[in-house]
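Let me begin by presenting the structure, written as structure tokens, before commenting on it.
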Amino acid sequence: MPELRQDPVAGRWVIVATERTRRPKDFSGHHEHFSEPPVNPFAEGKEELTPPEIYAIREPGSKPNGPGWKVRVVPNKYPVLRIEGSLEKEGDGLYDHISGIGAHEVVIETPNYNVQLEEQPLEGVASVVETYRIRMTDLLKDTRFRYIIVFKNFGRDAGATLGHPHSQIIAMPVTPKAVKTKLTGALQYYEHKERNIFSDILRQELKDSRRIVYQNGAFVCFCPYASRFPFELCIMPRRQLPDFHKIDSSEVLQLADVMKVSLMKLRRGLNQPQYNYLIHTAPARYPKKDYWSTIEQDYRWHLEITPRLTHIAGFEVGTGFYVNPVPPEDAAHFLRDVEV
């Protein structure tokens, strides 16, 4: 059973997941090759190679755990956190740890191995976004879970172990420190200025326009002013909403549009770079005192895309500073000019 351990100085949580890697050779620091398994477990017709599906968008008449699906969600075979068991918090001297309760799901985005997300028709991308929304809504019914993260790893250096287009959802029993930092920053700005910081960022980016990459009626994609990585992108909704899972059907389609365009610009302009994307959303808010009454006004969900074009080194690890060799203004100018 995995467990969460808290660093008493930094306050961050670490998941100790012994079931994911058991052999010393798995920790080799040098990888010459990256090879797919002999049989693709995410392929249509190979559904028996995955755990039973949790959710799927299917052709009419097709049966669960068989062919005929468009998007399919299954439990991760090697989960970071496990859904079985009770949530237990314990002390170990001055240390704190929590039982590794959570959920770890894989969203298989298409039955076609050769079609990446940005290559799908708009309706296909929208189906993936809608799947995120539905699964997050369902997972939040479990009061053991405090935070749900949706993310995608594309490429070996980004953490992907299979080439078949897929993304992941993890529900966890604590709110990550990185999320708390954003929440606290948004709250402090709101208390000081009585304005939403995300509204102000969006207003300034639209007025300045140098860092804008693409926009539609509901979303704006831009390179953040303090981009940590070359060609880093932020997709921000125009509507004030802290929770991703509460987007409406029109926003699902428009988010699919801006994701498709943004990822295709990266693909064509930068020769299909490896990347991560993740959705920053507000934590679960059950009847507790650990969240403030203005979170609906001060925090806004958003999506980050971080291409893996550089590597962090000792300076970044030791200081938390990032060295970005490409000014976001130049990155945005380049991507705007990429035809898609």
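Considering only residues that are in contact (Cβ under 8 Å) with a residue 40 or more places away in the chain and over 24 Å from the mean Cα position of the chain (by Cα), look in region 34-66 and name the one that is nearest to Y132 (Cα to Cα). So the residue we want is E44. Looking at the structure I just gave you, is A178 small (G, A, S) and either in a helix (DSSP H, G or I) or more than 20 Å from the chain's Cα centre (by Cα) (or both)? Spelling it out, A178 is indeed small (G, A, S) and either in a helix (DSSP H, G or I) or more than 20 Å from the chain's Cα centre (by Cα) (or both).
Scanning region 115-140 for residues that are in a loop (DSSP other than H, G, I, E, B) and without any contact (Cβ under 8 Å) to a residue 40 or more places away in the chain yields one hit, P121.
Criterion applied to S167, S227 was being part of a loop (DSSP other than H, G, I, E, B), touching a residue at least 40 places away in the same chain (Cβ under 8 Å) and surrounded by 20 or more Cβ atoms within 10 Å (Cβ to Cβ), and the one residue passing it is S227. Scan region 101-114 residue by residue and report those that are out of contact with any helix residue (DSSP H, G or I) (no Cβ under 8 Å at 6 or more places or on another chain), modelled with pLDDT of 95 or more and either outside any loop (DSSP other than H, G, I, E, B) or among the β-branched types (V, I, T) (or both). Scanning region 101-114 gives H104, V106, I108.
Restricting attention to region 230-256, the residues being among the acidic types (D, E) and touching a residue at least 40 places away in the same chain (Cβ under 8 Å) number 2. Evaluating E339 against the criteria (1) over 22 Å from K182 (Cα atoms); (2) in a helix (DSSP H, G or I) leaves one unmet condition, (2). Here E205 passes the criteria (1) outside any loop (DSSP other than H, G, I, E, B); (2) in contact with a helix residue (DSSP H, G or I) (Cβ under 6 Å, 6 or more places away or on another chain) except the one numbered (2). Any residue at all in region 190-198 that's surrounded by 19 or more Cβ atoms within 10 Å (Cβ to Cβ), under 28 Å from D138 (Cα atoms) and in contact with a helix residue (DSSP H, G or I) (Cβ under 9 Å, 6 or more places away or on another chain)? Yes, because at least one residue in region 190-198 is surrounded by 19 or more Cβ atoms within 10 Å (Cβ to Cβ), under 28 Å from D138 (Cα atoms) and in contact with a helix residue (DSSP H, G or I) (Cβ under 9 Å, 6 or more places away or on another chain). Within region 141-159, the set of residues being assigned to a loop (DSSP other than H, G, I, E, B), over 13 Å from the mean Cα position of the chain (by Cα) and surrounded by fewer than 20 Cβ atoms within 10 Å (Cβ to Cβ) comprises K141, D142, T143, R144, G155.
Remark: L309 matches the filter, which requires a residue to be in a loop (DSSP other than H, G, I, E, B), out of contact with any Ser or Thr (no Cβ under 9 Å at 6 or more places or on another chain), of a type in the set (A, V, I, L, M, F, W, C) and under 24 Å from T161 (Cα atoms).
The values are calculated or read from the model by the stated rules, or taken from the named source; none is laboratory data. For clarity, every value in this text was computed on a predicted model and none was experimentally measured. Neighbour counts run over all protein chains shown; Cβ positions are idealised from the backbone, glycine included.
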